[in-house]
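The values are calculated or read from the model by the stated rules, or taken from the named source; none is laboratory data. Owing to the predicted nature of the structure, the values given are computational and were not obtained by experimental measurement. Reconstructed Cβ throughout: ideal geometry from the backbone, glycine too, with neighbour counts over all protein chains shown. We work out accessible area using only protein heavy atoms, side chains counted, and drop any ligands, DNA or RNA first. Shrake-Rupley method; radii C 1.70, N 1.55, O 1.52, S 1.80 Å.
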Amino acid sequence: MWLLDKFLNKAIKHGKLIVTDHDGTQYTYGPGGEYDPLIGGRAGPIRIKLTHKKAANHIVRYPQMGAGEAFMWGWLVVEEPHDIRDMILFITMNAKRMGDNMLKAKGPLRKGLQRVKAAIDGINLRSSARANAEHTYNLTRELYERFLDEDRQYTMAYYREDDPTKTSLEQAQMDKKAHLAAKLYMKRPEDNGGKPMRVLDIGCGWGGFALYLNKMYDCEVVGVALAPDQVAFSNERAKELGVDDKVKFELCDYRDVEGEFDRISSVGLLEHVGTIHYPQFFEHTNRLLKNNGVMISHCCGRSGAPGYTDAWTRKYIFPGGYIPALSELVTESEKFGWQVTDVEAMRFHYSHTLQEWYNRTVMHREEITQMYDEVFYRMWLFYLAGAEQSFRNGTMINWQLQYVKDREAIPMTREYMEAESARLREIGEIPSWRFDPGLKEAAE
């Protein structure tokens, strides 16, 4: 316990944390005082119990793995009225105020080993890419229905209000689709010489964005993904909506796509490509896009220099995943003839999204534990809370980049984006009622 005690004495300078070890010994950290309202507003110190004699040592010896595993295994318990989200945000808020992320591995050797492991994990050959995608996205449909919006958008929502409580997750996800579509500079057939645009949606998820583009622009869309259930579900949606002749989803690696497209979108994809494969990604997409085409990429990103994905996330949530720095995206794309025509740094949108996902997960605890078990449920809570702190107290953001091959492909100023986004929001969207038929009856 002495190593953990040393760490917490140095880390906790605001608020109060009380730790009870497995033998009943109690340790207190921090001066107390007002509880940070950003964390949840629940007054009083955070109290945790270590229920196993190896818990403290496991947390300190494996700083990027130990706390998550201790919580998953029940070795670390956060006492009510607080929860694991409160604890994570509390500790990282303290680390942020000290000007240092104290949860990172220390020492050049340990950092070097982490970078090497992360680089190896980032090698996504076709076989491993599919396995990684299935690990992440081929969990039961019912799980994602419990915490995502109705359209199953498993990427950052777009909050147009500073106060996220003023916007529902459903509205924020709809606004995200409008925001992205506006950056694609789409055209309906009547504005495109009578021909529908042909769009490639790489990493199409559960088909929501592809179906949205078809509805708003009467375009043809090919969506590709590597998780079989995602592709099956997306095709079911297209058939239900009567657009399966124009919107098709394929179980396919983007590297195997052939043809020519007017627009390319990748939302939440580049995190899974791996830095070693960025040249292949930008070379192949450049070949697929028409000369006057536009590509938009939305991905999680780092606001600083290149780094590496923490070990716990690589092992349990996103094997093969890596969060890129802007410098990596721009440098690699320039090598293959791309021009970056717009960059937007989305700072706190994902923290608000993850908070809502966390709350919905807690709301459906009983159902999720019946699908899996308590260990999985705690793992999922730790993942969502840990990701939220990265976007709230850490250096994670979202990047939205617009790429063209010819600078004449888009208007001279970016006002068209705001105008089109506003137009799309005004139109709105008809829900598919896919997840709960009872909602349709209630609405009617």
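Of all residues in segment 53-72, those being in contact (Cβ under 8 Å) with a residue 24 or more places away in the chain, surrounded by fewer than 18 Cβ atoms within 10 Å (Cβ to Cβ) and part of a loop (DSSP other than H, G, I, E, B) number 2. Among the conditions (1) under 30 Å from Asp162 (Cα atoms); (2) crowded, with 22+ Cβ neighbours inside 10 Å; (3) β-branched (Val, Ile, Thr), the only one that Ile368 does not satisfy is (1). A count restricted to segment 190-208 and to residues that are acidic (Asp, Glu) and closer than 20 Å to Arg255 by Cα stands at 1. Please pick out the residue among Leu200, Leu213 that is under 24 Å from Asn286 (Cβ atoms) and free of Cβ contacts under 8 Å to residues at least 60 places away in the same chain. None of the other options fit; the residue is Leu213. Of all residues in segment 367-392, those that are closer than 17 Å to Trp73 by Cα have Cβ atoms under 8 Å from Cβ atoms of residues that are of a type in the set (Asp, Glu), 6 or more apart or on another chain, in Leu381/Asp83.
Could you please give the count of residues in segment 73-82 that are at negative phi and open to solvent by less than 40 Å² (accessible area, probe 1.4 Å)? Walk me through it before giving the result.
Here is the first cut: in segment 73-82, the ones at negative phi are 73, 75-82.
Those left that are additionally open to solvent by less than 40 Å² (accessible area, probe 1.4 Å): 76, 78, 82.
Total meeting the criteria: 3.
Taken over segment 391-424, the residue count meeting the criterion of being open to solvent by 30 Å² or more (accessible area, probe 1.4 Å), in a helix (DSSP H, G or I) and touching a strand residue (DSSP E or B) at 6+ places or on another chain (Cβ under 9 Å) is 2. Checking Lys195, Lys239, Lys183, Lys215 one by one, the residue that is closer than 23 Å to Val404 by Cα, assigned to a helix (DSSP H, G or I) and either modelled with pLDDT of 95 or more or open to solvent by 20 Å² or more (accessible area, probe 1.4 Å) (or both) is Lys183 and no other. Would you please name the residue that is farthest from the chain's Cα centre (by Cα), looking only at residues in segment 220-236 that are closer than 18 Å to Val199 by Cα and open to solvent by 50 Å² or more (accessible area, probe 1.4 Å)? Looking at the filtered set, the residue picked out is Glu220.
Go through segment 246-345 and tell me which helices (runs of 4 or more DSSP H), entirely inside it, have 3 or more residues that are within 24 Å of Met156 (Cβ to Cβ) and open to solvent by less than 20 Å² (accessible area, probe 1.4 Å). Spell out the reasoning first.
Values: elements: 278-288, 311-316, 326-334.
By residue number, 278-288, 311-316.
Residues that are under 28 Å from the mean Cα position of the chain (by Cα) and more than 14 Å from Val19 (Cα to Cα) within segment 41-60 comprise Gly41, Arg42, His58, Val60, listed in sequence order.
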